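Asker: Here you go, one structure.
The values are calculated or read from the model by the stated rules, or taken from the named source; none is laboratory data. Please read all numbers here as calculations on a predicted model, not as lab measurements. Neighbour counts are summed over all protein chains in view; Cβ atoms, including those assigned to glycine, are modelled from backbone coordinates with ideal geometry. Only protein heavy atoms, including side chains, enter the accessible area calculation; ligands, DNA and RNA are left aside. Shrake-Rupley method; radii C 1.70, N 1.55, O 1.52, S 1.80 Å.
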Amino acid sequence: MNKHTIFFFAILFSLDSYGQSIRGKVVERGGDAMPFVNVLLLNASDSSLIKGAVTDTLGVYAIDNIAFGTYLVSASMIGYEQAYLPPIKITAQNPDLKGVSFNLAEDSKQLQEVVITEKRPFVEQYIDKMVVNVANSIIASGSTALEVLEKAPGVTVDRQNNSLQLRGKAGVIVQMDGKQTYLSMEDLVTLLSSMSSDNIDQIELITNPSAKYDAAGNSGIINIRLKKNNSIGTNGSLSLGLGTGRFDRERGSLQINHRAKKVNFFGNYSANRGGSYFDLQSNQSIDNGEQITFTDQDTYIPNSRWGQNAKAGVDYFIGKNTTIGIVWTGFWNDNGEDGTARSAFNKGDLEEYLVANTHKTSSSQSTNQVGNINFQHLFPNGGGQLSADFDMGQFSRDFANTLSIETTSLEDPVQPVMGLLSEMPSSVRITTAKLDYNRTVFSKWKMEAGIKSAYVKTDNDMSLSRGEIGDLIRDDELSNRFAYTEKVYAAYTSFSGKLGNKTEMQLGLRAEHTHSEGNSITENSIVKRDYLNFFPSFFLSQHVSKDHTLTISYSYRIDRPNYQGLNPARWYVDPYLYSRGNPYLLPQYTHSLELKHGFKDKLFTSLGASFVNDLVFYLIQPVDSIRTERTPLNVGKSQAYNLTVSFPVKVMKGWNLQMNFMGLYSRFDYNYKDNPIVVEQISGRFNGSNTFVFSHGWTGELTGWLSTPSVQGLARAPWSGSVDVGLQKALGSKFKAKLSLQDVFHTNWYKGKINVPGFTSDYVLRFDTRVVMLNLTYTFGNQKLKAARQRRLGSEDESQRTN
């Protein structure tokens, strides 16, 4: 750890953020721990399901937030007899039960046919997070990970700026199996758009993480959990998909596992090929104080995507208390564009004095590989649990963008065809290490602590050439090589405990020291940053009655600039629009508050507030009378308040509906070209997810979302929405056929308006979103899917800032 950095932590007292609990362990008759066993909490009167949990790699499980009452507890796993314990009582005098353990025996009976009467909902709401069940979803099958995220309540996919938002706020941290993807937001969106959804089990949406998580991410965490089957023996699945919109697309995936008592091998592979298009019509006006210039632009760019991702790993159970694992993950993408853009300029008299027709071609080949070694040990006699992770990641990309511009004007109607070539190889290396420890202290109190270090090194060499086609010359003024290094050292601690029988509290504190250096080698300009921040978090939960729970939480978070956002090199979209980074960009900081109410663990209501300082936003602004640039700036501050309501509805037998509403009020205080601008908005979003179970193995889904008019930065957007429908047929016990139609009415497009001093813009942006897909899935071996062993790896804050 940096010798100039000293972290001081006070002893903090808190509780788990939920209610009464049951904890125990599942072992085989021989005494070996059994990971990935389903443990269910059932109502003692009618055996209806209340809650569930899955044992970890040491066979330990925990079920929290339990109301007072009498329950049954069962444990089950394919290949073993289901076990039940005698009824247990949770009372005010006995709120927490420990040592509720099972011994499972192998089952010699053959599995009988199972008749489905209810279907797992696409969206489930819990008091601490929302879960999107991607596995076995009809509509999600054959889709991309990005298309599935777009259907998740509270998630907004901004395809215009290649970004994600959670509950109307940018700064989302995206993880896969608890670790980051080492990508900038733009590259992350590209990866998700080429990643098959058939390898995804669940998506978790966490809006207010605790001190254990990295402080990065203003709006929360999206954790994508990949499939991993841990049943005894060899098992897996094969999925093939074919579909079409305006362009065709093909998908395929293979997932395979083999588990014995002491070792578990797992792996998956998926490939995704297809096409789409970028269709933009815009009208702009630029007022420089002397003349108003009007621009009409029509851009249509088809694109092709070829993506592959793979994962392989092994967990070895050294003993009943110790596990070691190795995981490798790889992503490969090969994307291209080939289209045209027409830009016409006039001075308000409708006579076009300048017209530019541009032919654009681009190619981008990228590779992202991450290796991880992890260790977990449970000390005997209440000595706590220790886990360690070490990660090494390498991201590389070769990017080339060619513009051929044919220009005509009133003064010079015949001009040579000009060219603009941008080439930029990029590389990022990330090394992280972290250590976490937790144990029970003071009887019912829990202590957690950990340290982490992260080192990042990036290198981007932008070469820009221009001139007549066939005779391009490197422009040394616009070419730029940019190198960036960053070191982050972090430590956290938290304590949890009870205040009486109905109140729980958790307090945490995280400290992060950051040292960074951005070096524009070409411009001989170095920007250094060195800062230490403390990030407190607080959770308080009160069981008002048997059916009502209140939870209040607070956290302070940081959103550091992504690595490419600091690079001052220009990226040309066309001759009159380019993007560039800002080496002087500062991090933005957020205070987040949330009050949640839960009723019978079904109806959830929350009120949230966030306050952002040094707000970072990508602004499109004029450079001169015909050119505009897109650049990130610290434009001011913002405040936002949201109300969310989530509840399930059982319409009738075989038909379930999950409803989610979100209302948002936000206020932005900008400083645009030395002009103070205040933007206020009230907006909302509704998500509905229907699941149907018919007879003879038929099931169906109907989902949709609707957004009210809203404001994003300086742009105002009207109503928008989309509807998806799907149908599935089980063909025996091994085969499933799924047919889906996404964006049925082709309404998932973007329309916006910008109106600021000296600049206005109206635009409409469309993509190939109406798609019909047919997906076939074959499963083999034991197919009871259980949650994968989740790890908090060292690469947390760095994930989507890489480029």
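Asker: Based on the mean of other Cβ atoms within 10 Å per residue, sort peptides 674-680, 22-28, 561-567 so the most packed one is first. Spell out each step's value before the answer.
Answerer: Details: 674-680: 11.0, 22-28: 19.7, 561-567: 24.9.
Ranked from most to least packed, the peptides come out as 561-567, 22-28, 674-680.
Asker: Mind checking the range 396-493 for GluC sites (Glu not before Pro) that DSSP puts in a loop (not H, G, I, E or B) and that have at most 15 other Cβ atoms within 10 Å? Write out the running numbers ahead of the final one.
Answerer: On the way: sites: E406, E411, E423, E448, E468, E477, E486; in loops: E411, E477.
Passing both the DSSP loop test and the Cβ count: E411, E477.
Asker: Further question: Taking the Kirkwood radius as the inverse of the mean 1/r across Cα pairs, report the Rg/Rh of the chain.
Answerer: 0.97
Asker: Taking all protein chains as present, what is the carbon and sulfur share of the accessible area of the chain, in % to the nearest whole number, probe 1.4 Å? Working shown, then result.
Answerer: Values: 19170 of 33440 Å².
Carbon plus sulfur share of accessible area: 57 percent.
Asker: Putting +1 on Lys and Arg Cβ atoms and -1 on Asp and Glu Cβ atoms, find which of G307, S427, N218 reaches farthest to the positive end of the dipole of the chain.
Answerer: Final value for the positive-end residue is N218.
Asker: Now for a different question. State the extension gain, in nm to one decimal, for the chain segment bounded by S363 and R342, taking 0.36 nm per residue of separation less the distance between their alpha-carbons.
Answerer: 5.5 nm
Asker: Accessible area per residue, 1.4 Å probe, Å², for the range 425-511: what's the number?
Answerer: Working: 3890 Å² over 87 residues.
Per residue, the range 425-511 has an accessible area of 45 Å².
Asker: What is the P(r) of the range 361-507, as percent of Cα-Cα pairs per 10 Å bin from 0?
Answerer: The distribution over the range 361-507 is 9, 22, 19, 15, 13, 10, 7, 4, 1, given as percents.
Asker: What is the spin-label model distance, in nm, from L603 to F247 if the labels are put 7 Å beyond Cα along the C-beta direction?
Answerer: 4.7
Asker: Looking at the range 513-562, which trypsin sites (Lys or Arg not before Pro) are DSSP coil and have at most 10 other C-beta atoms within 10 Å of their C-beta?
Answerer: Values: sites: K528, R529, K546, R557; in loops: K546.
Hits after loop and neighbour filter: K546.
Asker: Also, quick follow-up: Under a 1.4 Å probe, what is the accessible area of the range 588-730 per residue, stated in Å²? Don't jump to the answer; show the numbers that get you there.
Answerer: Numbers: 6490 Å² over 143 residues.
Ligands and nucleic acids excluded, the figure is 45 Å² per residue.
Asker: If you place +1 on the Cβ of every Lys and Arg and -1 on the Cβ of every Asp and Glu, how big does the dipole about the Cα centre of the chain come out, in debye to the nearest 20? The partial results should precede the final answer.
Answerer: Numbers: 81 positive and 79 negative charges, 790 e Å.
For the chain, the charge dipole is close to 3800 debye.
Asker: Here is a further query. Where only protein heavy atoms count, and the probe is 1.4 Å, what is the accessible area per residue for the range 290-418 in Å²? Don't jump to the answer; show the numbers that get you there.
Answerer: Values: 6120 Å² over 129 residues.
Here the per-residue accessible area is 47 Å².
Asker: Considering just Cα atoms, how many Å³ per residue does the convex hull of the range 551-679 enclose? It would help to have the intermediate numbers written out before the result.
Answerer: Details: hull volume 22.4 nm³, N = 129.
About 174 Å³ per residue, rounded to a whole number.
Asker: So for the chain: antiparallel DSSP bridges make up what percent, rounded to the nearest 5? Before the final figure, lay out the partial values.
Answerer: On the way: 413 of 427 bridges.
Expressed as a percentage, antiparallel bridges in the chain total about 95.
Asker: May I ask for the Kirkwood hydrodynamic radius of the range 416-469, worked out over all distinct Cα pairs and given in angstroms to one decimal? Before the final figure, lay out each step's value.
Answerer: Values: mean 1/r = 0.0618 Å⁻¹.
About 16.2 Å for the range 416-469.
Asker: Any idea of K262's accessible area? Nearest 10 Å², probe 1.4 Å.
Answerer: 80
Asker: Also, quick follow-up: Among the lysines, select those whose C-alpha is under 18 Å from the C-alpha of K452, and discard any that sit fewer than 8 residues away in the same chain.
Answerer: Counting by Cα, and skipping residues close in sequence, K452 has these lysines nearby: K3, K179, K212, K434, K487.
Asker: Still on this structure, please answer the following. Calculate for the chain the 222 nm mean residue ellipticity that helices alone would give, adding -39,500 (n - 2.57) per DSSP H run of length 4 or more and normalising by residue count, nearest 500 deg cm²/dmol. Walk me through the intermediate numbers first.
Answerer: On the way: 2 runs with 16 residues, N = 803.
Roughly -500 deg cm²/dmol at 222 nm, from the helical runs in the chain.
Asker: Something else now. Would you kindly calculate the translational diffusion coefficient of the range 255-394, applying Stokes-Einstein with the Kirkwood radius from alpha carbon pairs, for 20 °C and a viscosity of 1.002 mPa s, and quote it in µm² s⁻¹ without decimals?
Answerer: Working: Rh = 20.5 Å.
Stokes-Einstein gives a translational diffusion coefficient of 105 µm²/s.
Asker: Right, another one. Evaluate the relative contact order of the chain (contact order divided by residue number), counting alpha-carbon pairs under 8 angstrom at least 6 apart; express in whole percent. Mind showing how you got there, number by number?
Answerer: Working: 2423 pairs, mean separation 115.1, N = 803.
Relative contact order comes out at 14 percent.
Asker: Of all alpha-carbon pairs in the range 237-291, indicate the percentage at a distance above 15 angstrom. All intermediate terms of the calculation are to be shown ahead of the outcome.
Answerer: Numbers: 1038 of 1485 pairs.
Value for the range 237-291 (Cα pairs over 15 Å): 70 percent.
Asker: Do me a favour and compute the ellipsoid semi-axes for the range 634-733 from its Cα gyration tensor, root of five times each eigenvalue, largest one first, whole Å.
Answerer: On the way: eigenvalues 350, 38, 18 Å².
Over the Cα atoms of the range 634-733, the ellipsoid semi-axes are 42, 14, 9 Å.
Asker: Taking the Cα atoms of the range 466-556 alone, what are Rg (to one decimal) and Dmax (as a whole number) in Å?
Answerer: So, for the range 466-556, Rg and Dmax equal 25.7, 79 Å respectively.
Asker: A further question on this structure: Between T408 and A737, what is the FRET efficiency for a Förster distance of 60 Å, r being their Cβ-Cβ separation, to the nearest 0.05? Can you show the working numbers first?
Answerer: Values: r = 54 Å, r/R0 = 0.91.
Step by step, r from the Cβ atoms, then E = 0.65.
Asker: Taking a threshold of 31 Å on the Cα-Cα distance, which of the pairs K98/K262; K89/K446; K502/K637 fall above it? Spell out each step's value before the answer.
Answerer: Details: K98/K262 26 Å; K89/K446 23 Å; K502/K637 38 Å.
Checking Cα-Cα distances, K502/K637 exceed 31 Å.
Asker: Further question on the same structure: I'd like the accessible area for K347, computed on protein heavy atoms only with a 1.4 Å probe and all protein chains in place. Round to 10 Å², please.
Answerer: K347 has an accessible surface of roughly 110 Å² with all protein chains in place.
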